[in-house]
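Asker: Take a look at this one; I'll ask things after.
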Amino acid sequence: MDEPSIGRTAAAGLSAQAESLMGVARHAEAIGLLQRAIQADPQALRPRCQLSLALLNLGQRSRALKAADEAVLIDPTNEWPHRLRSIILCQRGKRRPALAASGE
């Protein structure tokens, strides 16, 4: 197995563990796993979106938006980070940017 494959495999495992924690509302615990997943595979979209969602659930909208923005940069065609951006912006009272983000 080459090094990028090891990183992807580690990131996928950490992401799955974090998803289980988030499923039982243990968002704060999931954050550390997601940060490790991002370190293991910096180009992985899923852990960044999960991190954004975990932060959003903890009320950390600025950090959640930053994670969603980073996810958009990784894959601008994927709808998940755009949806997250739209939800976060809407919760921050920025309706027009939220609407724009939902259509990107």
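Asker: What spacing in nm lies between the two simple spin-label points modelled at S20 and L58, each 7 Å away from Cα in the Cβ direction?
Answerer: Label-label distance for S20 and L58, simple model: 2.0 nm.
Asker: Let me ask something else about it. So, R0 is 35 Å and r is the distance between the beta-carbons of E29 and R96; what FRET efficiency does that work out to, to 0.05?
Answerer: Given R0 = 35 Å and the Cβ-Cβ separation, E is 0.50.
Asker: Could you please tell me the mean projected area of the C-alpha convex hull for the chain, averaged over all directions and given in square nanometres to one decimal?
Answerer: Working: hull surface 24.8 nm².
With every direction weighted equally, the projected area is 6.2 nm².
Asker: Relative to the present Cα-Cα distance, how much length would full extension add between Q43 and A12 at 0.36 nm per residue of separation?
Answerer: 10.0 nm
Every number here is computed from the coordinates shown, using simple stated rules; none is lab data. All values derive from a computational prediction rather than experimental measurement. In this analysis, Cβ positions are derived from the backbone assuming ideal geometry, glycine residues included, and neighbour counts consider all displayed protein chains.
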